[in-house]
Amino acid sequence: MKKIAAFFTAFAIFLVVIAIFHFSLSGDLKMNNKEFSTWYSPYKDLSCNAISQNMHSDTMLVFGSSEFRHGRKTPYHPVNLFKKQNVDLMLIGGPFNQSLNHAITLGAVGNSIQKKKVVLVVSPTWFFKNGVDKDKYALRFSEGSYVAFMQNKKIPLSVKKYVAQRSESLLSKDTSMQNKVSIYDKVLVDGSTNPLYQLFYKTRTAYVRDKDVITVKGILKTTGIRKNRHFNDRVADPRPIDWNMLSEEAAYSLKNKSHNRFMMSDHFWKRKFAKRYAFVKGLHDNEDFKTSPEYGDLECFLKVCKAEGVQPMLLILPLNGKWYDYTGLTADKRATFVNKIKAYGNQYNAEVADFSKYDYTPYMVADAVHPWGKGWVKIDEKIYNFYNQI
């Protein structure tokens, strides 16, 4: 009770600030600009209002993690490859994102989805036996998206209870946010009519909404992304894509950029992996991909897709097979993960794009896990076909 009393005391201090923010700020974050959709920014990702307002009739959500920041200056990254195509992707994700974060975001923006397709770029390294680190989950946790998720009437109560239990547990190192989430859960999941909880819920959600507006608007001023009167989504004469030629071109452009036994980019090898090489042999001997709390989070994501009437594609990223064989995450263990993902896909009618077949293909990954030129071309092709599939 002392913790709750202290919490409400602190909460009372910013009530006046909330009122000032709420009545002086415009909540308009609509940019009508495809550059916003592919903008790599945690501020965008954490704001369900910013995402929702920038989704249009042909916008397809693509969720992932740290791969989105790799290769952005190359012509093969989706941010560049699709600039002159009639393809509108909303890229969401950065380091430490995983299925549960994305399930929450999907449920938060579900009412704004018009193109009923979504891609989840699945990283095998999410599924180690201990699951996501609590600090990292808290780093990617969005208070505003969490509330919007819980407010979504299409999401079954059982799914909300799962998300509530997991989130309260994973936020145990951030007790301030954990206390806030606990009150949201009492109001939005348990149906509490406690007047103090209700007051907190109403005023805090207004504050979070206004804070998101301030943050996103402020960061946008530093990006050069301009607000358009009309959405710049159509290209008059999109150039046909020859995927085979593009794949060969990507591989050719990289043939002098890898001179190590693991087929990594020399840049990443020298910068990071050469230093670790002597210490990581057998590092993953005790990992087997058989059990992980992340499988439950993935299933939660698929349940949200079902509730929203959205067709999902699970795109399994390739790994560096030579590197992970060396660390003990051998091909048979990786196959266990792939088979489990395929089983979830079958259960929830999700298309599965399995890129594990490229684990030993040169120029697919730049380091241990992140797509390189040829890898991005293969991923782009699968996303493009899924986007245009009727």
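Any read-out appearing in this document is the output of simple, stated calculations on the displayed coordinates, not a laboratory observation. These numbers come from a predicted model, not from an experiment. Because the Cβ atoms are built from the backbone with ideal geometry, glycine has one as well, and the counts that use them run over all protein chains shown.
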Which of H259, H56, H102 comes first, and how do the rest follow, when ranked by fewest Cβ neighbours within 10 Å?
H259, H56, H102
Let me have the 222 nm mean residue ellipticity of the chain computed from DSSP H runs of 4+ only, each contributing -39500 (n - 2.57), with the sum over all residues rounded to the nearest 500.
-14500 deg cm²/dmol
Using a simple charge model, +1 on the beta-carbon of Lys and Arg, -1 on the beta-carbon of Asp and Glu, nothing else, what dipole does the chain show about its Cα centre, in debye to the nearest 20?
680
In a Gaussian network model of the chain with springs linking alpha carbons closer than 10 Å, the residue among F231, F141, F128 that fluctuates most is F231
Take the residue pairs K115/K160; K134/K275; K129/K357; K129/K161; K117/K161 and return only those whose Cα atoms are more than 29 Å apart.
none
5 Å is the cut-off here: which amide hydrogens, built 1.01 Å from N in the peptide plane, fall below it relative to F96, excluding neighbours closer than 5 in sequence?
S66
Quick one: compute the contact order of the chain, relative version, from alpha carbon pairs under 8 angstrom and 6+ residues apart, as a percent.
24
Which of rounded, prolate or oblate describes the range 163-255 when judged by the alpha-carbon gyration tensor and an a/c cut-off of 1.5?
prolate
Order of W269, W376 under a 10 Å beta carbon neighbour criterion, fewest first
W269, W376
Collect residues whose amide H, placed 1.01 Å from N in the peptide plane, falls under 5 Å from the amide H of F355; neighbours closer than 5 in sequence don't count.
I316
Neighbour-count ranking for H70, H267 (other C-beta within 10 angstrom, fewest to most) reads H267, H70
Quick one: check the C-alpha center-to-center distance for the range 305-334 versus the range 56-84, whole angstrom.
19
What is the angle, in °, between the Cα long axis of helix 175-188 and the longest principal axis of the Cα atoms in the chain? Nearest 10 is fine, range 0 to 90.
70
Taking a ≥ b ≥ c as the square roots of the Cα gyration tensor eigenvalues, with a/c under 1.5 meaning rounded and otherwise prolate when a/b beats b/c or oblate if not, the range 263-390 comes out oblate
